[in-house]
Structures are given as C-alpha cells and as structure tokens.
Amino acid sequence: MSYLENLKVAFLPCDPAYVFEKKKKEYESFFDCIFISNSFAHRAADASKCLKPGGVLSLETAKYMFDLSKEQVSAFAKKEIEIATQAGLELLNPTETIQACDILSFGKKSI
C-alpha cells in the first residue's frame, strides 16, 4: 500500500515569520495543505499565501485547552474564522456548534 507515496511534510521553525517574510517567493502558492496549531492561529493569514489554489488550511481550535471556559473556546474559534475569512479563505466545515470542532478547515478558492 502506497497511500503516502507523493507526500512531503515540511515543519516550520518555532518562529514562522522567517518562512512567511524571508521565503515568501519560494513558498507562495506552494502547499496543498497546511495545518496550524492553536498557538499559531494568529498567523493563518500569512500561511494562506503559501496555499495553492484549491488548497486547504486547517486550524486547531481551543477545544482541548482545559483552562478556557466554553465561551472562551467559542470566541477563539470565531476569531479563527474571522482571521481566515479576511484572508480570503472559505470555511469548509461550517457547523452550528463551533465548540464541537477540533479542527476548522478552510479552502483557498481555485483561480
């Protein structure tokens, strides 16, 4: 079974500003899929520039950050949606219960 035959994983450094600012030409429209943890969700707009048209950006929600209240988890997810949609991405898994989501996925429109 060769499910992952053409798969490449690229890990960003702890400070992704290097990739987003210094290598933006190299990585512009380069990735099919990007996953961002909740600690770097504020960089979703920068990461969206690295997505190919039709690519998917997945953001981890704050669902498992146990010190947050349900209201804070919901507000965090709403802020993630706001950041991504302002970057021109479209929510792929809309749901009435944002708190139930582990991951929010956004698509970059094809040209």
### All lysines inside 17 Å of residue 63 as judged from Cα atoms, apart from same-chain residues fewer than 8 positions distant
78, 79
### Summary
The set of residues whose placed amide H lies less than 5 Å from the amide H of residue 62, leaving out same-chain residues fewer than 5 positions away, is 77
### Query
So who's got an amide H within less than 5 Å of the one on residue 101, skipping anything under 5 residues away but keeping other chains? H placed 1.01 Å off N, in plane.
none
### Query
How large is ³J(HN,Hα), in whole Hz, for each residue of region 25-39 in order, when computed from phi with the Karplus curve 6.51 cos²θ - 1.76 cosθ + 1.60 and θ = phi - 60°, using x for Gly and Pro?
5, 5, 9, 4, 6, 9, 9, 7, 8, 10, 10, 10, 6, 5, 6
### Task
Check cross-link reach from residue 22 to the aspartates and glutamates: straight Cα distance under 17 Å, and skip same-chain residues fewer than eight apart.
46
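Throughout, read-outs are computed from the coordinates displayed, never taken from laboratory work. Since we're looking at a predicted model, the values are computed, not measured.
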